[in-house]
Amino acid sequence: MKKLFLTLTTLSFLCTASIVIGQNTRFSDPDTVIKEQFWGNLYAEGGKSFFCSTPFTRKGFILTDGYVYPLADIRSALDCGTSRQCERDNRYRQIASDLHNMIPVRSRTEMQRRSVRYENLGETINRDDCGIRESAGFFEPPELVKGDIARTVAYMVDTYDLPWLGSTPVFQGWSRLDPPDDTELTRHRRIAEIQGNENPFVTNPSRMEQL
């Protein structure tokens, strides 16, 4: 009986650990994933930059691999130390390898967006040429990708037990405002094929309301 209890306890722990670790069990080497899967597979034939919708045929000097849920915030949440120290942390490496969180973005935009919080900033803040509003550490994306961001942040929070990068009602409102379109769904299907798991908030956006 005691042996059975220990076995069930172990299985329960493993199941819980697997939920906490997340659904991306295929990749755990961020640099390789970025080179071979993100640029070499997902965007091998080009695409459009995430925030600005600028077409590109290949990665150039103005483009970089960005993260909807910034890596700096992931390191902070995991408390794994510096960038170099976190690179030796298996959980960080797995989370940082998740293609659902990666986007092609202008290098300048990615630099400005680090360690900010997502928020509705209102009409008093002017948008830049990509439709972005920024103020005092807060970031409001263009209308076209607000839902994409909301569903990605929800995925990262739900899958990896990370903290929200803003108010939950804001993300819920963005998801309602900008439901999944053909571009997001096509990208999602490709990532699911490559990585082996889906973002349930894209396949079933109503899940956002349950958060």
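The values are calculated or read from the model by the stated rules, or taken from the named source; none is laboratory data. If you're wondering where the values come from, they're calculated on a predicted model, not measured in any experiment. Don't worry about glycine lacking a Cβ; one is built from the backbone with ideal geometry, like all the others, and counts go over all protein chains shown.
Structure summary
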item: Members of the range 116-141 found to be in contact with a Ser or Thr (Cβ under 8 Å, 6 or more places away or on another chain) and within 21 Å of residue 152 (Cβ to Cβ), listed by number; result: 119, 121, 130, 132, 137
item: Residue satisfying all of: in the range 164-211; assigned to a helix (DSSP H, G or I), closer than 27 Å to residue 42 by Cα and among the acidic types (Asp, Glu); farthest from the chain's Cα centre (by Cα) among these; result: 182
item: Contacts under 7 angstrom Cβ, first residue in the range 109-122 being of a type in the set (Phe, Trp, Tyr), partner part of a strand (DSSP E or B) and at pLDDT 85 or above, 6 or more apart; result: 118/139; 118/166
item: Odd one out for residue 138 among (1) within 13 Å of the chain's Cα centre (by Cα); (2) at pLDDT below 95; (3) not small (Gly, Ala, Ser); result: (1)
item: Residues being of a type outside the set (A, V, I, L, M, F, W, C) and either part of a strand (DSSP E or B) or at positive phi (or both) - total across the range 56-70; result: 4
item: Residue 53 vs. criteria out of contact with any Gly (no Cβ under 7 Å at 6 or more places or on another chain) and either assigned to a helix (DSSP H, G or I) or within 17 Å of residue 152 (Cα to Cα) (or both); result: no
item: Hits in the range 57-70 - residues which are surrounded by 21 or more Cβ atoms within 10 Å (Cβ to Cβ) and small (Gly, Ala, Ser); result: 66
item: Residues of the range 174-201 classified as within 14 Å of residue 157 (Cα to Cα) and either touching a Leu at 6+ places or on another chain (Cβ under 9 Å) or aromatic (Phe, Trp, Tyr) (or both), total; result: 1
item: Any chance residue 166 is closer than 29 Å to residue 28 by Cβ, of a type in the set (Gly, Ala, Ser) and either surrounded by 15 or more Cβ atoms within 10 Å (Cβ to Cβ) or touching a residue at least 12 places away in the same chain (Cβ under 8 Å) (or both); result: yes
